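Worksheet for the structure shown next.
The values are calculated or read from the model by the stated rules, or taken from the named source; none is laboratory data. Just so it is clear, the model here is predicted, and its values are computed rather than measured. With ideal geometry, Cβ positions are generated from the backbone for all residues, glycine too; neighbour counts draw on all protein chains shown. Heavy atoms of the whole protein, side chains included, go into the accessibility calculation; ligands, DNA and RNA do not. Shrake-Rupley method; radii C 1.70, N 1.55, O 1.52, S 1.80 Å.
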Amino acid sequence: MGLLIKNAMIVNADKIWDKPHDILCEEGKITKIASGIATGGHETIDASGKKVLPGLIDIHTHLRQPGREDKETIETGSRAAVKGGFTSIMCMPNTNPVIDNAMVVEFIIREAKRVGLCNVYPVGAISKGLQDGELTDMAELKASGCLAFSDDGKAVLNSRLFRLAMEYAKMLDVLIIEHCQDPLLSAGGVMNEGVVSTRIGLKGDPGISETVTVARDIEIALYLNARVHLAHMSLKRSCELIRFAKSQGVKVTAEACPHHFVLTDEACGSFDTSTKVNPPLRSKEDVQAIKEAIAEGTIDCIVTDHAPHTKEDKEVGFDTAPFGLIGLETSLGLTVTELVKGGFIDLAQMVDKMSSAPARIAGLASKGVIKQGFDADITIIDPDKEWTVTREGFVSKSKNSPFIGRKLFSQVEYTICAGKVVYKF
Ligand code: DOR
Ligand code: ZN
């Protein structure tokens, strides 16, 4: 017995279908798309009036397990993911212990399978212990299930190590994801360096801490003819550098987070520590540039950088609070509200940014499109339905969101992973 989605208005990255079709999912795959498929003995969903998308893919999430299960676990993070419409997530290695050996990778994969809600792909560390000194055994990590490598949370400051990592990644055909923020230039800054930081008296982190890393990585990628993926781009200048690099044929891809295209550094004026994030919220001009870069394709995909922190950890002064905000449950809503309703992109482009492009970048060849033979990972949404973000509404273990109280468009109605309903509104 399979799962039959009736009357599906399918939105793929290359086409918004104009007539409803039925989608049959069997044994984890999409086996048939046609009109009037017989109900047979299948479990049936009526998708009339909704949009049916390939399952959303977030290639930048922080689950806190192992090590900080008080902030998030693989189980609570998976629950937040499917509530947000995600069927696959990649989790960053800044756990404790760090994802720098096969045992941790295998543990995460095993636990995610036990939870059984969405696909979880661990990102391996580039350097052992995230110490920027010695490379991890990337081949072993790949063999145990890592599709990508990163020292996310901080940049690989050691340029020679980064070059070596890029060379190995090229050989192994895996992705390198760089957190672009030079800590020496950040120098303890807690928000964007600019007029707002001066006015409210918080220490600024200058944009050059991002752009010098972007420029360095682009140069290394060009030199080695290797791929590099730049995490959470936040600046107009970064977009200019990436745009130019792409025009020269450099194999660079880039991502942006909803908080960087919705909020400006003015939000830090509330001293709400959920607005403290790395890289920091930027100026109005930067926010506008990120939106335009997403629309034109300079920024390839949208990610959450879901970074859960406990109330205790965040309820301290702005200077001492940890960086990060949660994003799995608000990402789709913010994207539809700001970019689709805002006229920057249409739903098909959104599917590209939130499913097809992430699948392509991460090398998930059987995902990111609703098509016969592909994985039955499907998200059904009502893009016009409004809802309000509330603290109680979050299923993530942490509630550090600056979007509480906001009205957003787009309700996730069903999330289907491997042909199984894993979330229903
Ligand atoms: O704000 C952030 N929080 N940025 C990062 O890159 C890391 C993350 C975290 O792990 O908390
Ligand atoms: Zn991150």
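Taking all protein chains as shown and a probe of 1.4 angstrom, residue 11 keeps an accessible surface of around 0 Å².
Restriction of the GluC sites (Glu not before Pro) in the range 1-98 to DSSP coil positions whose beta-carbon has at most 12 other beta-carbons within 10 angstrom yields 27.
Can you give me the relative contact order of the chain as a percent, contacts being Cα pairs under 8 Å and 6 or more apart? Don't jump to the answer; show the numbers that get you there.
On the way: 1055 pairs, mean separation 85.5, N = 425.
About 20 percent, as a whole number.
Measuring only protein heavy atoms, the 1.4 Å probe finds residue 171 accessible over about 140 Å². Taking the DSSP bridge list for the chain and keeping only pairs wholly inside it, about 50 percent are antiparallel. In order along the range 365-378, the phi-based Karplus estimate (6.51 cos²θ - 1.76 cosθ + 1.60, θ = phi - 60°) of 3J(HN,Hα) comes to 5, 9, 10, x, 8, 8, 7, 4, x, 8, 4, 7, 9, 9 Hz; Gly and Pro are listed as x. If you take the Cα centroid of the range 32-111 and the Cα centroid of the range 275-324, the two points sit 22 Å apart. Of all DSSP bridge pairs formed entirely within the range 20-100, close to 55 percent run antiparallel.
Once every DSSP H run of n ≥ 4 in the chain is given -39500 (n - 2.57) and the sum is divided by its residues, what mean residue ellipticity at 222 nm do you get, rounded to the nearest 500 deg cm²/dmol? Don't skip to the answer; put the middle values down first.
Values: 14 runs with 122 residues, N = 425.
-8000 deg cm²/dmol, from helical runs alone.
Each residue was assigned an accessible area with a 1.4 Å probe, and for residue 403 the value is about 0 Å².
The residues of the chain have, on average, 38 Å² of accessible surface per residue, using a 1.4 Å probe with all protein chains present. Taking θ as phi - 60° and the Karplus parameters 6.51, -1.76 and 1.60, the scalar couplings of the range 181-198 work out to 6, 6, x, 5, 7, 4, 6, x, x, 10, 8, 4, 7, x, 4, 5, 4, 5 Hz in sequence order, x denoting glycine and proline. Spin-label pair residue 225-residue 167: with each label point 7 Å from Cα along the Cα-Cβ axis, the two points sit 1.6 nm from one another. Near the amide H of residue 325, within less than 5 Å, lie the amide hydrogens of 307, all on another chain or at least 5 residues away, with H placed in the peptide plane. Close amide-amide hydrogen proximity is noted between residue 411 and 382, 384, 385, each under 5 Å apart and 5 or more residues distant or on a separate chain (H modeled in the peptide plane; Pro and chain starts excluded). The amide H of residue 192, built 1.01 Å from its N in the peptide plane, has 205, 281 as neighbours under 5 Å, considering only residues 5 or more places off or on other chains. For the range 53-70, putting each phi into the Karplus relation 6.51 cos²θ - 1.76 cosθ + 1.60 with θ = phi - 60° gives couplings of 10, x, x, 5, 10, 10, 8, 8, 10, 10, 9, 9, 9, x, x, 10, 5, 6 Hz, in residue order, rounded to whole numbers and with x for Gly and Pro. Among the protein heavy atoms of the chain, carbon and sulfur supply 52% of the accessible surface, probe 1.4 Å, non-protein parts ignored.
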